[in-house]
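Undergrad: Pasting in a structure now, in structure tokens, and then I'll have a few things to ask.
The values are calculated or read from the model by the stated rules, or taken from the named source; none is laboratory data. Computed from a predicted model, the values in this text were never measured in an experiment. Using ideal geometry, Cβ is built from the backbone for each residue, glycine included, and neighbour counts are taken over all protein chains shown. Heavy atoms of the whole protein, side chains included, go into the accessibility calculation; ligands, DNA and RNA do not. Shrake-Rupley method; radii C 1.70, N 1.55, O 1.52, S 1.80 Å.
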Amino acid sequence: MQNMYFDNAATTPLHPEVITVISEALMEYGNPSSIHSYGRKAKGLLEESRVAIAKHLGCTPSEIYFTSCGTESNNIALRKSVDCGGIQHIITSPIEHHAVLGTAQDIARLNPKVEIHLLDVDSKGNYSLDQLEQFLQSYPKALVSIMHANNEIGNLANLEGIGNLCLKHSALFHTDAVQTMGYFSFNLNKSNITMLSASAHKFNGPKGIGFLYIKKGTKIEALITGGGQERNIRAGTENVAYIVGMTKALSLCYEHLEEKSNYIKRIRAHFKRSIEKKLPQISFNGDTENSHYTILSLRIPVSEGAEMFLFNLDLKGISASGGSACSSGASKGSHVMEAIGNNGNCVNLRFSFGTHNTMEEVDSCIQHLSEILEA
Ligand SMILES: Cc1ncc(COP(=O)(O)O)c(C=O)c1O
């Protein structure tokens, strides 16, 4: 049986060159905070990584902070910018990842002076910049947290438009770019993004490592206190080998980016066209015309439940996901589907593509999907 992995929004395979650089870096066991030669060597690897990541993103190395994952980056960005910036309003959307929504709710629980304002989303998951502007006019001292691409339906945010409004109304702007890092180009110093979260395992790097961009001059302090690493923002001995691996993974992503993104776009377009032609009973969730090119969410009018459907696909060697893998692989109870009014009798399946997928895999997957639907 051929195994087909269509769950790249959940996590991506490690690039073989990333495994090599991690193995080599693991041999350099010095602590980057030690002043002897072992420590200096580790520190060198750490700072070279910071410089390389900053170069890819058009910012300065001192604006990059290493963290343990995207969730931690989101937690630092929200909790500490609210604490340090005297923020009283968090403006966000109901389709953010739980790492943002749950964190915002916890901030409001701990500090009753902080209010959360959710933008309205329509049935395609779109919100309006006009409403964002109204919120920004009504709620001064705000933090706006809007994800770059939604991990369940793929919708892309207009980072420039949101950033311009935040600048106009002196609000902080955080974006969760966990799904888009390595897939889109960023020029952060030219943007009005105050903070941006990323996670290595979504771009062919290892799990358990990420970073947070914080624009110079932003008032912020440590969430995890201790030895003062990462310029007092994130204490704890740095995971040098994984940081080196993450940097390699990001560098590889930005090599021939256009070629790779065009390839994935063709795979996704072929998948979508094949569904439209052969399985017209299936529709698509989200705004497929303004979507991340790796993600396609299907709405299938059957009542058997996502888990059963995913199980049947798995038996045929197909790995996909029900909504978001971060919420246990099932679309049941997905807050994103609920927000777009999709809580009817259907199964929502997320397919997410990578450069390793082929047109033949897509054809075979469509064939298996129709067999399951006919059974
Ligand atoms: C949009 C988004 N934000 C945050 C996360 C959490 O990232 P991590 O797994 O690195 O904590 C994910 C993971 O799926 C995600 O898709």
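Undergrad: What list of ³J(HN,Hα) couplings, whole Hz, do you get for the stretch 129-134 from phi and the Karplus terms 6.51, -1.76, 1.60, once you set θ to phi - 60° and write x for glycine and proline?
TA: Values per residue, Gly and Pro as x: 5, 5, 5, 4, 5, 4 Hz.
Undergrad: Using amide H atoms built 1.01 Å from N in the peptide plane, name the residues 5+ places from Asp7, or on other chains, whose amide H lies under 5 Å from its own.
TA: The list, which skips near neighbours in sequence, is Ser352.
Undergrad: Where in the stretch 248-271 does the label zone of Glu48 land, with the point 7 angstrom along Cα→C-beta and an amide N cut-off under 12 Å?
TA: Only 248 fall inside the zone, counting backbone N under 12 Å.
Undergrad: Can I ask one more? Whose amide H sits under 5 Å from the amide H of Leu298, counting only residues 5 or more places off or on another chain, with H placed in the peptide plane?
TA: Asn285, Leu349, Arg350, Phe351
Undergrad: If you take the square roots of the eigenvalues of the alpha-carbon gyration tensor of the stretch 88-139 and sort them as a ≥ b ≥ c, do you get rounded (a/c under 1.5), prolate (a/b over b/c) or oblate?
TA: oblate
Undergrad: Show Arg299, Arg350 ordered by accessible area, largest first, where the area counts protein heavy atoms only and the probe is 1.4 Å.
TA: These residues rank, largest area first, as Arg299, Arg350.
Undergrad: Normalised by the number of residues in the chain, what is the relative contact order in percent for Cα pairs under 8 Å and 6+ residues apart?
TA: Here the relative contact order equals 23 percent.
Undergrad: Next up: Using the heavy atoms of the protein chains and a 1.4 angstrom probe, tell me the accessible area per residue for the stretch 86-167 in square angstrom.
TA: Value for the stretch 86-167: 42 Å² per residue.
Undergrad: Given 0.36 nm per residue, what is the gain on full extension from Ser170 to Val302 after removing their alpha carbon distance, in nm?
TA: Gain in length upon complete extension: 42.8 nm.
Undergrad: Need one value: the accessible area of Ile19 in square angstrom, 1.4 angstrom probe, rounded to the nearest 10.
TA: 80 Å²
Undergrad: Before rounding to the nearest 500, sum -39500 (n - 2.57) across all DSSP H runs of length at least 4 in the chain and divide by the residue total; then give [θ] at 222 nm in deg cm²/dmol.
TA: -12000 deg cm²/dmol
Undergrad: Hey, what's the per residue convex hull volume over the C-alpha atoms of the chain, in cubic angstrom? Write out the running numbers ahead of the final one.
TA: Values: hull volume 49.6 nm³, N = 375.
That works out to 132 Å³ per residue.
Undergrad: Pop out the Kirkwood hydrodynamic radius of the stretch 78-175 from its pairwise C-alpha distances, inverse of mean 1/r, in Å to one decimal.
TA: Here the Kirkwood hydrodynamic radius works out to 13.4 Å.
Undergrad: Where in the stretch 109-186 are there GluC sites (Glu not before Pro) that are in a DSSP coil and have at most 12 other Cβ atoms within 10 angstrom of their Cβ?
TA: Working: sites: Glu115, Glu133, Glu152, Glu160; in loops: Glu152.
Those that pass, being in a loop and sparsely packed, number zero.
Undergrad: Out of Cys166, Cys346, Cys84, any idea which swings most in a Gaussian network model of the chain, alpha carbons joined below 10 Å?
TA: Cys84
Undergrad: Per residue and in Å³, how big is the convex hull formed by the alpha-carbon atoms of the stretch 243-294? Kindly include the intermediate steps, with their values, before the conclusion.
TA: Numbers: hull volume 5.3 nm³, N = 52.
Spelled out: Cα convex hull of the stretch 243-294, divided by residues, is 102 Å³.
Undergrad: Once you have the Cα-Cα distance between Glu17 and Ser319, take 0.36 nm times their residue separation minus that, and quote the gain in nm to one decimal.
TA: 106.3 nm
Undergrad: With all protein chains present and a 1.4 Å probe, how do Val121, Val51 order by accessible area, largest first?
TA: Correct descending sequence by accessible area is Val51, Val121.
Undergrad: A further question follows. For the stretch 1-62 and the stretch 221-272, write down the distance between their C-alpha centroids in whole Å.
TA: 8 Å
Undergrad: While we're looking at this one, here's another question. What does the highest-first list of 178-186, 29-37 look like by mean Cβ count within 10 Å?
TA: 178-186, 29-37
Undergrad: Shifting gears a bit: Based on C-alpha coordinates, I'd like the Rg and Dmax of the stretch 214-268, in Å.
TA: Using the Cα atoms of the stretch 214-268, the pair Rg, Dmax is 17.2, 48 Å.
Undergrad: Could you pull the accessible area for Phe135 with a 1.4 Å probe, rounded to 10 Å²?
TA: My reading of the accessible area for Phe135 is about 30 Å².
Undergrad: I want to check the label-to-label distance for Glu360 and Asn343. Put each point 7 Å from Cα in the C-beta direction and report it in nm to one decimal.
TA: 4.5 nm
Undergrad: Asn155's amide H: which non-local residues (gap 5+, or another chain) put their own amide H closer than 5 Å, with H modeled 1.01 Å from N in plane and none for Pro or chain starts?
TA: Asn150, Asp287, His292
Undergrad: Could you give the radius of gyration (one decimal) and Dmax (whole number) of the Cα atoms in the stretch 203-347, in Å?
TA: That works out to 20.2, 59 Å for Rg and Dmax.
Undergrad: Here is a further query. In terms of the Cα gyration tensor, with a ≥ b ≥ c the square roots of its eigenvalues, is the stretch 126-258 rounded because a/c is under 1.5, prolate because a/b exceeds b/c, or oblate?
TA: oblate
Undergrad: Hey, could you pull the Cα Rg and Dmax for the stretch 1-123, both in Å?
TA: Looking at the stretch 1-123, its Cα Rg and Dmax stand at 19.8, 59 Å.
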